[in-house]
Every structure is written in C-alpha cells, then in structure tokens.
Amino acid sequence: MKIVIVGCGKIGSKIVASLVEEGHDVVAVDNTPAVLDSITNIYDVMTVCGSGTDCDTLQEAGVATAQLLIAVTASDEFNMLCCYLSRKMGARHTIARIRNPEYNLDSLVFLKQQLNLSVIINPEMYAAREMYNILKMPSAVKIESFSGRNFEIIEVFIGEGSALDGLKLMDIRSRFKEKFLVSVVKRDDGVYIPDGNFVLRQGDKIGLTGESGEILKVMRAIGLERKQARNIMILGGSRIAYYLAVQLISSGHRVKIIENDPARCDELSELLPKAVIINGDGAQQEILEEEGLATTDAFVALTGMDEENILISVFVSGMHVPKVIAKVNRSELASMANNLGIDTVISPKTIVADRVVQYARALENSLGSNIETLYKIMDDKAEVLEFNVRSDFKGVNIPLKDLRLKENTLLVGIIRNRKSILPTGNDFIAEGDRVVVVTKCRLNDLSDILR
C-alpha cells in the first residue's frame, strides 16, 4: 500500500520505520534535507524535500495515488491543511496529528467532519492515558484494554516468592479460582507464546489476559496487588503532564508538577487550579526531597530529555518510591532504562506508530474480519489484536479444538454480547464476536490465524 508521511521528526521517523517493517511503499516528505538523508541511510523509501502544503511537493510525492497520507509535523494547523489538500488531490485516507489542548472534543469532531479526516492522533494524550491506567494499577508495567475496557492484557513481572514461580501453566486453573490466562512470556531476550507445559520463573515478564475484574483478583491472589497511587509527583510541565494531571485530578488524586520555566508554571496554574505547581529544577535532588518525594506514591518523569528522565527515575527508584514511570522515546535508551530497574517506560512515538499500523492493516483488510485494536507488547516483540468477526470467516461456529492455528499464535479471548469468554477447546467463534489474539506473527485479518 502506498503511504505518504509528511513530517519526519521523532514521531514521523518512527511511523516510517513501522510502516516499512510492515512492507508498505512509503514516501517521506520533509523540508529539511538532513532529516531526509538520515531516513534514506536507514530505510529503503522515496523522499521528497519540500512543504507538505505545497501542491507541487504533494504531487511529486504521489498523493493522487496514495492510499493513506499521514501529516505529523509540529504544527496542528499545517497538518490539517496538508490533509485537506491531499484529499482534494486524490489521497484516499488521511491522518493528522492534532495535539493542542485548546481543541476540545467538539472542535475535533467538527474538524474531522469538515476536513474529511480519517483519523486524528494526539501522541501526548495517548501517552497520558496509558500512564493514567498504570497509575490505577501500579503493579502493572503495561495495560491494554479491549471492547470498551471489559477485557484487558497487562504486563507484570514475576517477583521473588511469587505464587507463579515454578508453576506449570496447565496447573494454573487448578491452583487459582480466578479466570485468567498467561498468554505471553518474555524471558531474557526471548518472547514465547506458551503452551500448557511451559514453566514460569522468577524474573519473567508475563502477559495476563482476562476480564478487568478478574485481573484485579488475580493480582491479589499472586501477591502483586498494590494500592492505587494517590500522591503523584510529575517532573516537567509538558502537554503530557497537563493531560495526565487533568485525568488524575478528576479521579481525586493529588498532583504536584515541578517545572523549570516560570512562564509555563503560570500557564499550568491557570489551567490546573487544583494541582500544586512548583517552579524549580527537578534534576536537583534537594528540590525533589523538599517537595515531599519520601511521601510520594508515584513519580512520573516527563522532561524533554530521555537521558534526564532515566537518570532521575533511577534516583527516585532508589528512594523507594512505589511506582516510577519514565517517558523515553529512543528505543535503545528504553531498553537501557529497563536494565537500570525502571520497569515502566512510556514512548509516545511508539504508541502513535502502533495506532497508525493498526489503521493501515485495517485498510488492507478485505476478508471475513476487521482489526479493531492492535497493540505491540513485550517490548514490541509480540502483538495483541482484537478482530470483529464477520460471517465469511472460515472458522465460524467450529469448535476451537478443531481449528488449526498457526504457530506462535494464541486465541486468548472472545467477547460476545459484552460478555468475555476465556476460550477452551469446546468454545467457538460466532459471527459478531470480537476475538482477541496474541501472536508473534503478522496478522492482517482473523483468517490469518489459520494454517
């Protein structure tokens, strides 16, 4: 599929990488030659140097025959205009990055309709939402939801003395009354879609799947339940900090933001009257300690520098703060952060790239199902997808024990009439169901799970 990407900064370059890996025909557009040179040195893509609002540039990029155009420059208005022009010139679908908090939900709905946008993406809002979900369940490293949040997959580590340590998966149902599945395991550098003979070990990162309420019971049963974080300290007054603070305050949390820029502190004080805004350099340990780090339930590092977020998070973890989250965009630094003991690392550009890949696969899809949701999990080494089942799926109404699934693919959930089913061999997939699959393969369609 031909896809044009306008704007090749952090977000754009990550989207380029993800879509090239997916096998798409990608054209990258940017007005800085050095940026395009760095992309062509790594990826086999066509590049066009110019403005995404210049019709000649768009024509050279081939938007007239593009299935999808994605505008992710630093300017919301530029992205909207680029998408509008591209649609007029023949692009079938368009995605615009719009991240200014001044555009409320009603405004975005209006803009999407008037500009005929296919999707609006907001990396900062996506990242804030993911952080908020984790702060509600601090034991989790990552939480992804499906089907209106009725069904979840969460990543957790098996710690010392855990009830899961040394347990064979086939023995889980006899040991625990809670309904859940261990659907994926990351051990050292390997990721496994386990069968019943797989034995869990301390240090494994595992994916637990099940209904939201059952997952909470599971966490309690295996000794991983922690109380929700109530006192949260945020370092950096970025857009992510604003979006996160809004969600936390609305849920009754106490929020303190430390920001170095006095002007931004004034803005945040007006926007977030219920938050405590501190003007200071949070990289100074003394300031963190003076502002109550010792009594903080959770710390979120959101400065503009990955390295600073990592170093400060390591220090805070050493001060025994129960939950620490660091924003790290560079993938090589994210793995370093994990090795340094920071279990939860959030990357806005990776979250956005996942959303774009999901949409691109859905556009390619023409068989008996449709991708509703796609998440990269286990450090991007596996995927979990939610499909909407249509009548012409070949596996409809056949017991699962009679379906031949591809290797490294596991059907972990069926959502039928808003009720979640943890599937056994006697269950079946029906038309209208939503099906959740964990895999190490590339799936465009539910039919791809069959051999």
(message) On a 22 Å Cα-Cα criterion, which of the cross-link pairs Lys14/Lys88; Lys10/Lys256; Lys205/Lys381; Lys327/Lys381 come out too long?
(response) Lys14/Lys88; Lys10/Lys256
(message) Can you bin every Cα-Cα distance in the stretch 97-155 into 5 Å intervals starting at zero and give me the percent of pairs per bin, rounded to whole numbers?
(response) 4, 15, 20, 19, 15, 15, 9, 3, 0
(request) Would you mind putting 156-169, 430-443 in packing order, based on average other-beta-carbon counts within 10 Å, highest first? (result) 430-443, 156-169
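Can you tell me what the convex hull of the Cα atoms of the chain projects to on average, as an area in nm²?
21.9 nm²
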(request) Check cross-link reach from Lys419 to the lysines: straight Cα distance under 18 Å, and skip same-chain residues fewer than eight apart. (result) Lys179, Lys217
(request) Given the peptides 276-289, 336-349, arrange them by the average over their residues of other C-beta atoms within 10 Å, most packed first. (result) 336-349, 276-289
(request) Would you tell me the accessible area of Tyr43, worked out with a 1.4 angstrom probe on the heavy atoms of the protein chains, in Å² to the nearest 10? (result) 60 Å²
(request) Using a Förster distance of 30 angstrom, determine the FRET efficiency expected from the C-beta separation of Lys10 and Leu216, and round it to 0.05. (result) 0.30
(request) Would you please give the FRET efficiency between Lys177 and Arg404, computed as 1/(1 + (r/R0)^6) with r the Cβ-Cβ distance and R0 = 25 Å, to the nearest 0.05? (result) 0.20
(message) Nearest 5 percent is fine: what portion of the DSSP beta bridges confined to the chain is antiparallel?
(response) 55 percent
(request) Over the stretch 274-349, calculate the relative contact order: mean separation of alpha carbon pairs under 8 Å at least 6 apart, over the residue count, as a percent. (result) 26 percent
(message) Highest mean first, how do 389-402, 213-226 rank when packing is the count of other Cβ atoms within 10 Å averaged over residues?
(response) 213-226, 389-402
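Can you send over the carbon and sulfur percentage of the accessible area for the chain, probe radius 1.4 Å, protein chains only? Working shown, then result.
Values: 9370 of 19980 Å².
The C+S portion of the solvent-accessible surface of the chain is 47 percent.
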(request) Keeping all protein chains in position, work out how much accessible area Met170 exposes to a 1.4 Å probe, and write it in Å² to the nearest 10. (result) 110 Å²
(request) Quick one: net charge around Glu383, please, counting Lys, Arg +1 and Asp, Glu -1 for every other residue with C-beta under 14 Å from its C-beta. (result) -2
(request) Could you do me a favour and compute the accessible area per residue for the stretch 22-71, 1.4 Å probe, result in Å²? (result) 46 Å²
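At 1.4 Å probe size, with every protein chain present, just tell me what the per residue accessible area of the stretch 96-214 comes to in Å².
Counting only protein heavy atoms, the per-residue value for the stretch 96-214 is 45 Å².
The values are calculated or read from the model by the stated rules, or taken from the named source; none is laboratory data. The structure displayed is predicted, hence computed values, not measured ones. As a convention, Cβ positions derive from the backbone with ideal geometry for all residues, glycine included, and neighbour counts pool all protein chains shown. Quick note on the areas: whole protein, heavy atoms, side chains included, nothing else; ligands and nucleic acids left out. Shrake-Rupley method; radii C 1.70, N 1.55, O 1.52, S 1.80 Å.
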